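*Asks:* Just dropping this structure here.
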Amino acid sequence: MQTIDKFNFAGQKAFVRVDFNVPLDEKFNITDDTRIRAAIPTLKKILSDGGSVIIGSHLGRPKGVDGKYSLQHILPRISELLGVKVEFANDCLGETAVEKAAVLKAGEVLVLENLRFYAAEEGKPRGLADDASDEEKAAAKKAEKANQKEMAKQLASYATVYVNDAFGTAHRAHASTAIIADHFDAGNKLFGYLMQNEIDAVEKVLKDTARPFTAIMGGSKVSSKIDIIENLLTKVDNLIIAGGMTYTFTKALGGKIGNSICEDDKLDLALSLIQKAKDNNVNLVLAVDAKAADSFSNDANTQIVPVDEIPDEWEGLDIGPKTEKLFAEVIEASKTILWNGPTGVFEFDNFAGGSSAVGAAIVRATEKGAFSLVGGGDSVACVNKFGIADKMSYVSTGGGALLEFIEGKELPGIKAIRGY
Ligand code: AMP
């Protein structure tokens, strides 16, 4: 497989699919440019080799052409970070894009307008009437899939090489993230640095695992994490369950959880996961105490109670000190650590202590040589909040893509390039 390090972009036109889906405020100022910065090494490598770059991205979830989601808002930041002027095509398809791509010279950058202004990017019909018949729905779907193929073909025609650096959309089989790759031979499609780093980090954790391997699964619901937990139960030595899903396990085991968040229809599932952990010799580590609150608020009254004796009208909003110590001991003895999801309602400072303690234990383990991967929405917000992101071995930029990768699923954006 071709790799970005070895590829010489001199004289090449690269179509680079990035994930510049950055948050904007009401005046269209970028409030967090992490995703742009993450793709800069790839873009700079192409330019410094003597290649030119055509940038394709989505921004937000437009239902059609909508100035609110124009990539024009982020051009100045891209230009500033790259240190070069960037051209803009106000349509990713159509004549302007074709012409601007055609005249692009070495060292130049062209940004295409939001790919999702076209339904064909996602290959899903838009604006179907609510009362559309099944036949109409099927016909619309078929038509949009055909449009998707055409769109991929046109985007591919702009370039001589395809680079995918959009890990955040790697789990989507979209025109620009996967289908486009069919138009390039194996030597002319490759991952960008970000994508490669993400893949390497996950594969180091799941395939090239230094043991003991500990996964910390937090967050609010078991239901959203079942597939990951099931896959991890075949891989980890220790599985720490934290966050809101704790109470589904506690209740399933017969404990009193007061008003704590709980999925009553997942009690049997919790018991089966406990059994599966036993069958696979996985040390399942559950909380022993909770920081309970008398309301869902930062200013609530609190008490530390055994996790299975939460009084009526109280709810567990974080782990207690005994659990912090228990989790830290397991984490610090680990050589591979995966952290997904907070141990409590970390958005409230008074219930961020458990997540902070877990973060600190991961920092200590990493300093002792463990490989730590943090990923999936809120855990990244957590490490940023505690100022420890740079002390983790790797902080993923992927939300859904990372979770599906850990679940063991094949990601279309990855498969399109390396074949699996
Ligand atoms: P997820 O997106 O599934 O990773 O869930 C993250 C969310 O879970 C965060 O917004 C937390 O506030 C929330 N959470 C964590 N622990 C609890 C808890 N004990 N009760 C309610 N929500 C929680």
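*Asks:* Taking Cα centroids, how far is region 181-213 from region 253-288 in Å?
*Replies:* Here the two parts' Cα centres lie 33 Å apart.
*Asks:* Give me the orientation-averaged projected area of the Cα convex hull of region 267-420, in nm², one decimal.
*Replies:* Convex hull of Cα atoms, orientation-averaged projection: 11.0 nm².
*Asks:* A follow-up question, please. So if I restrict to the alpha-carbon atoms in the chain, what is the Rg, and what is Dmax, the biggest pairwise distance, in Å?
*Replies:* 23.6, 71
*Asks:* May I ask you to derive the relative contact order of region 1-62, considering only C-alpha pairs under 8 Å and at least 6 residues apart, and to give it as an integer percent? Kindly include the intermediate steps, with their values, before the conclusion.
*Replies:* Numbers: 77 pairs, mean separation 29.4, N = 62.
Reported relative contact order: 47 percent.
*Asks:* Can you say what percent of the DSSP beta bridges in the chain, counting only those with both residues inside, are antiparallel? Round to 5.
*Replies:* Working: 10 of 49 bridges.
Restricted to the chain, the bridges split so that about 20 percent are antiparallel.
*Asks:* Now a separate question. Taking the simple approach of a point 7 Å from Cα along Cα-to-Cβ for both Lys204 and Ser157, what is their distance in nm?
*Replies:* That separation, rounded to one decimal, is 4.3 nm.
*Asks:* Mind telling me which of Lys85, Lys13, Lys189 comes out most flexible in a GNM of the chain, alpha-carbon contacts under 10 Å?
*Replies:* Lys85
*Asks:* Looking at region 20-144, what % of its DSSP beta bridges pair antiparallel, to the nearest 5?
*Replies:* Once the DSSP bridges in region 20-144 are tallied, antiparallel ones form about 10 percent.
*Asks:* Among the listed pairs Lys85/Lys391; Lys27/Lys85; Lys221/Lys276; Lys63/Lys415; Lys204/Lys368; Lys45/Lys124, which are separated by more than 26 Å between their Cα atoms?
*Replies:* Table pairs above 26 Å Cα-Cα are Lys85/Lys391; Lys63/Lys415; Lys45/Lys124.
*Asks:* Next up: How much of the pair distance distribution for region 366-420 lies past 15 Å, counting alpha-carbon pairs only, in percent? If you can, show how the numbers build up before the last one.
*Replies:* Values: 826 of 1485 pairs.
Pairs farther apart than 15 Å: 56 percent.
*Asks:* Take the alpha carbon gyration tensor of region 243-337, find the square roots of its eigenvalues, order them as a ≥ b ≥ c, and report rounded if a/c is under 1.5; if not, report prolate when a/b exceeds b/c, else oblate.
*Replies:* On the way: a/c = 2.48, a/b = 1.31, b/c = 1.89.
Verdict is oblate for region 243-337.
*Asks:* Taking a ≥ b ≥ c as the square roots of the eigenvalues of the Cα gyration tensor of region 103-244, is the shape rounded (a/c under 1.5), prolate (a/b larger than b/c) or oblate?
*Replies:* oblate
*Asks:* By how many nm would the segment from Arg418 to Asp66 grow when fully extended, if each residue of separation counts as 0.36 nm and the alpha-carbon distance is taken off?
*Replies:* Full extension from Arg418 to Asp66 adds 123.3 nm.
*Asks:* Moving on to the next point. Which value at 222 nm does the chain reach when only helices count, each DSSP H run of 4 or more adding -39,500 (n - 2.57), with the total divided by all residues and rounded to the nearest 500 deg cm²/dmol?
*Replies:* -11000 deg cm²/dmol
*Asks:* Sorted by accessible area with a 1.4 angstrom probe, largest first, how do Lys6, Lys149 fall?
*Replies:* So the residues, ranked largest to smallest area, are Lys6, Lys149.
*Asks:* For Asn90 and Glu136 in one chain, what is 0.36 nm times their gap in residues minus the Cα-Cα distance, to one decimal in nm?
*Replies:* So the extension gain works out to 13.4 nm.
*Asks:* Subtract the Cα-Cα distance of Glu313 and Leu271 from 0.36 nm times their separation in residues, and report this length gain in nm to one decimal.
*Replies:* Values: separation 42, 0.36 × 42 = 15.12 nm, distance 2.51 nm.
Contour length minus Cα-Cα distance gives 12.6 nm.
*Asks:* Can you compute the charge dipole magnitude of the chain about its Cα centre, using +1 on each Lys and Arg Cβ and -1 on each Asp and Glu Cβ, nothing else charged? Give it in debye, rounded to the nearest 20.
*Replies:* Charge dipole, the chain, about its Cα centre: 1460 debye, nearest 20.
*Asks:* Additional query: When the accessible area of the chain is split by element with a 1.4 Å probe, what percent falls to carbon and sulfur?
*Replies:* On the way: 8780 of 18100 Å².
Reported share for carbon and sulfur atoms: 48 percent.
*Asks:* Mean shadow of region 1-131, computed from the convex hull of its alpha carbons, in nm²?
*Replies:* Result: 9.6 nm².
*Asks:* Follow-up. Cα-Cα pairs above 18 Å in region 313-396: how many percent?
*Replies:* 37 percent
*Asks:* Kyte-Doolittle mean at least 1.6 and Cα extent at least 27 Å along the axis: which DSSP H helices of the chain qualify?
*Replies:* none
*Asks:* Right, something else. Per q in 0.22 1/Å, what log10 I(q)/I(0) does a Debye calculation on the alpha-carbon atoms of region 77-168 return?
*Replies:* -1.17
*Asks:* Once you keep just the Cα pairs under 8 angstrom separated by 6 or more residues, what percentage relative contact order results for region 201-295?
*Replies:* 29 percent
*Asks:* Taking one equal scatterer on every alpha-carbon of region 167-286, how large is log10 of I(q)/I(0) by Debye at q = 0.17, 0.18, 0.21, 0.23 1/Å?
*Replies:* Listed by q, the Debye log ratios stand at -0.89, -0.95, -1.11, -1.25.
*Asks:* Express in whole angstrom the spacing between the alpha-carbon centres of region 367-409 and region 1-60.
*Replies:* One Cα centre to the other: 21 Å.
*Asks:* Please build a GNM for the chain, connecting alpha carbons under 10 Å apart, and tell me which residue among Ile30, Ile55, Ile179 fluctuates the most.
*Replies:* Sorting by GNM fluctuation, first place goes to Ile30.
The values are calculated or read from the model by the stated rules, or taken from the named source; none is laboratory data. This is a predicted model, so every value here is computed, not measured. Here Cβ is always computed from backbone atoms with ideal geometry, including for glycine, and neighbour counts include all displayed protein chains. All accessible areas refer to the heavy atoms of the entire protein, side chains included, with ligands and DNA or RNA removed. Shrake-Rupley method; radii C 1.70, N 1.55, O 1.52, S 1.80 Å.
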